[in-house]
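The values are calculated or read from the model by the stated rules, or taken from the named source; none is laboratory data. Computed from a predicted model, the values in this text were never measured in an experiment. Ideal geometry is used to build each Cβ from the backbone, glycine not excepted, and the neighbour counts take in all protein chains shown.
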Amino acid sequence: MDPEVKTAYDRKICQRFMSLATYRFADSLLLYAPLKYEIDIMPIAEDALKKGKTVAFPRCNREEHTMTYYIVTDLSQLKEGYYGIREPDPCLPIYDPKQRQGENAVCFVPALAFDRKGYRVGYGKGFYDRYLSSFGGAKMGVEYSACVVDTLPRGRYDTAVDFLVTEKGVVTINAN
């Protein structure tokens with residue numbers, strides 16, 4: 001994708017999400033630090049921090065293929081880690097959803113592609129599927145519309161997102 005087109009699409013996806021009531025009423029956002037070819041959602045992180053929302057990023061445990069989210073107060077707290085992904089320092093406070101019952105939380109899920117039922121193809125290690133299996137908040141997929149297909153192969157442990165935001169719009173998949 002042309003870098004200028006990518007930047008425009010990323011900006012549009014962020015604007016679409018930030019216009020949703022899901023964002024307006026969210027107390028906590030569990031985000032990801034994008035790789036070069038993923039949707040750049042850092043403008044959402046910046047805006048959420050300015051608005052006093054809790055912002056957390058994952059840190060990967062390679063041996064167990066799990067993630068733990070850590071609360072950041074500044075994006076400079078992210079440093080290059082596993083797979084070259086920027087991660088928070090493990091000395092930061094842990095985001096524990098069990099201690100935040102009743103909170104409106106949104107977890108952003110990156111992917112190589114999504115299908116129309118909210119399932120994704122990720123990077124094959126199951127980090128997000130493990131985390132999402134016990135996450136009680138809204139699961140938000142972000143993707144370019146060209147990477148949304150009718151169906152994708154999936155396994156029994158795969159977890160679908162509740163919403164999908166593209167540069168063309170928002171799709172509600174599994175809202176409770």
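Test K125 against the criterion of being in contact (Cβ under 8 Å) with a residue 60 or more places away in the chain and surrounded by fewer than 17 Cβ atoms within 10 Å (Cβ to Cβ), and give yes or no. Yes: the conditions hold for K125. Can you find a residue that is among the β-branched types (V, I, T), within 21 Å of A160 (Cα to Cα), modelled with pLDDT under 95 and in contact with a Leu (Cβ under 9 Å, 6 or more places away or on another chain) anywhere in region 98-120? Yes, region 98-120 contains a residue that is among the β-branched types (V, I, T), within 21 Å of A160 (Cα to Cα), modelled with pLDDT under 95 and in contact with a Leu (Cβ under 9 Å, 6 or more places away or on another chain). Being in a loop (DSSP other than H, G, I, E, B), within 23 Å of F163 (Cβ to Cβ) and of a type in the set (D, E) is not true of E64.
Taken over region 13-43, the residue count meeting the criterion of being surrounded by 17 or more Cβ atoms within 10 Å (Cβ to Cβ), over 16 Å from N104 (Cα atoms), touching a residue at least 40 places away in the same chain (Cβ under 8 Å) and out of contact with any Pro (no Cβ under 6 Å at 6 or more places or on another chain) is 6. When region 128-171 is limited to residues that are over 16 Å from L30 (Cα atoms) and in contact (Cβ under 8 Å) with a residue 60 or more places away in the chain, the one that is surrounded by the fewest Cβ atoms within 10 Å (Cβ to Cβ) turns out to be G169.
For region 71-86, the criterion of being surrounded by 14 or more Cβ atoms within 10 Å (Cβ to Cβ), touching a Phe, Trp or Tyr at 6+ places or on another chain (Cβ under 9 Å) and closer than 26 Å to V171 by Cα is met by no residue. Looking at region 73-122, the strands (runs of 3 or more DSSP E) lying wholly inside it that each contain 3 or more residues that are in contact (Cβ under 8 Å) with a residue 40 or more places away in the chain sit at 105-109. Note on region 162-176: among residues that are in a loop (DSSP other than H, G, I, E, B) and touching a helix residue (DSSP H, G or I) at 6+ places or on another chain (Cβ under 8 Å), the one that is farthest from Y123 (Cα to Cα) is K168.
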